[in-house]
1. Using amide H atoms built in the peptide plane, which far-off residues or other-chain residues are under 5 Å from Val96 H to H?
2. Let me have the 222 nm mean residue ellipticity of the chain computed from DSSP H runs of 4+ only, each contributing -39500 (n - 2.57), with the sum over all residues rounded to the nearest 500.
3. In straight Cα distance, which lysines are under 18 Å from Lys108, not counting same-chain residues fewer than 8 positions off?
4. Please report, largest first and rounded to whole Å, the three semi-axes of the ellipsoid equivalent to the chain, where each semi-axis is the square root of five times an eigenvalue of the C-alpha gyration tensor.
5. Provide the FRET efficiency to the nearest 0.05 for the Thr328-Lys54 pair, computing r from the beta carbons and using R0 = 45 Å.
6. Is the shape of region 167-210 rounded, prolate or oblate, going by the alpha carbon gyration tensor and its root eigenvalues a ≥ b ≥ c, with a/c under 1.5 for rounded and a/b larger than b/c for prolate?
7. Kindly write out, for region 206-219 in residue order, the coupling ³J(HN,Hα) from the Karplus curve 6.51 cos²θ - 1.76 cosθ + 1.60 (θ = phi - 60°), rounded to whole Hz, with x marking Gly and Pro.
8. Number of Lys pairs in region 239-387 with C-alpha atoms less than 27 angstrom apart, excluding same-chain neighbours closer than eight positions?
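Rule-based calculations on the coordinates, nothing more; no lab input. Since we're looking at a predicted model, the values are computed, not measured. For neighbour counting, all protein chains shown are included, and Cβ atoms are generated from backbone atoms with ideal geometry for every residue, glycine included.
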Amino acid sequence: MKPYQLNIPTKIYFGRDIWERTLKEAEPLLDGNLMLVTTGRSLTRIGYVEQLKKQLSACARVKTITVFDKVSANPRLSEAREGIRLARESGADVVVGFGGGSAMDMAKAVAAGADVSADIDEYFYTGKEPMDNVLPIIAIPTTAGTGSELSKASILTDDVRRIKSGIRGAGLYPKVAIVDSIFTESVPYHITMETGFDVFAHAMESYLSKAASPFTQMQSVYAAQIVGRMLPRLAVDIQDTEARKYMSYASMMMGINLGNASTGLPHRLQYPLGAVTDTSHGKGLAALYPAWVYYEYLYSEKNTEKLMGMLMGKDICGREECTNAMHTFIASLRLPVSLREFGINEEQMDAMAASVSGNIFNDPAAQEPDIIRKIYHKAWEGQECRQS
């Protein structure tokens, strides 16, 4: 067995209806002026934002709480600049991210840029890593999918240039993650399915990754099984609290995998798609996945069959069966199964292919010639696999 390194720097609290008592345990970190970054609208309507502010205000060393809720579903670089400006003006000492993956990503960006010596554009465009000047982050996710509360990445979109990319670095790991599935119980159907599929995407891509370890692969297998059992349950009964709890757990495990095994081609290909269409991360992944599985099978035959088998709860054998099983699973959740559904054309796909960035070579299928363009075009066709 080759040597591996495992890094889990975030203190994790997991459970249902634990967030209030957990905040008391995290109170030593809640010192000074707080910046609460949240997606806002639905969480405010339900009353969660006010409840959280009340609990934070009760902490002995909290001086002020400033709320920043101008966060889009695909968080924008312009919004990050606005949040950073507000953090500097308020003298923020700690950032609390409360919401879905977009809120987590924005909280990290704000924490990275709040220091006057920091330059968010330099982090975004050059790949420079934020270092010791990042404010402490407490992450409280309200969806089960992104795992961003345990990752070292903040994914943003330059809304002027239509570039979706990431700020990454060890400094962006939250100090504390409070994963309480009660917050996911008000999430509507389409977001539940989109974020839930993202959990499986993290499981499969981190399992196949060349950076995977026995530990991350063990977690991937369990997460794939959870998604295969629990996401269809939620598709039938969106109020299934047990399924919600399991999905939050799987999402949390895959957050650990993100920081230790990374992801593969679908995530890299989704970023340009999301930037061009302003559609959700999970939706884009779903549309790309059957095409990716079709090519991935050529380079990871047994591992692809294993993960698809974990998802479907039965033996899945062969390239055609793997691809079609993926197509069927996605369609059963009422998620898109082709890029055609996004209204994009061939010229846009070629431009997207040219703008794919980041390391793609953790993915075994990256060795396939012209693989990025091939996946985009096969995903646009969207039909089930037919052997040529």
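1. Here the answer is Met35, Leu36, Val37, Ile138, since their amide H atoms fall under 5 Å of that of Val96.
2. Values: 15 runs with 197 residues, N = 388.
Result for the chain, helices only: -16000 deg cm²/dmol.
3. Result set, ordered by chain and number: Lys11, Lys70, Lys128, Lys152, Lys164, Lys175.
4. Working: eigenvalues 225, 103, 72 Å².
Taking √(5λ) for each eigenvalue gives 34, 23, 19 Å, largest first.
5. Details: r = 46 Å, r/R0 = 1.02.
For R0 = 45 Å, the calculated efficiency reads 0.45.
6. Numbers: a/c = 2.48, a/b = 1.20, b/c = 2.08.
Taking the square roots of the gyration eigenvalues as a ≥ b ≥ c, region 167-210 is oblate.
7. 6, 5, 7, 4, 5, 8, 5, 10, x, 5, 5, 5, 4, 5
8. Lysine pairs, 8 or more places apart or on different chains, close enough: 15.
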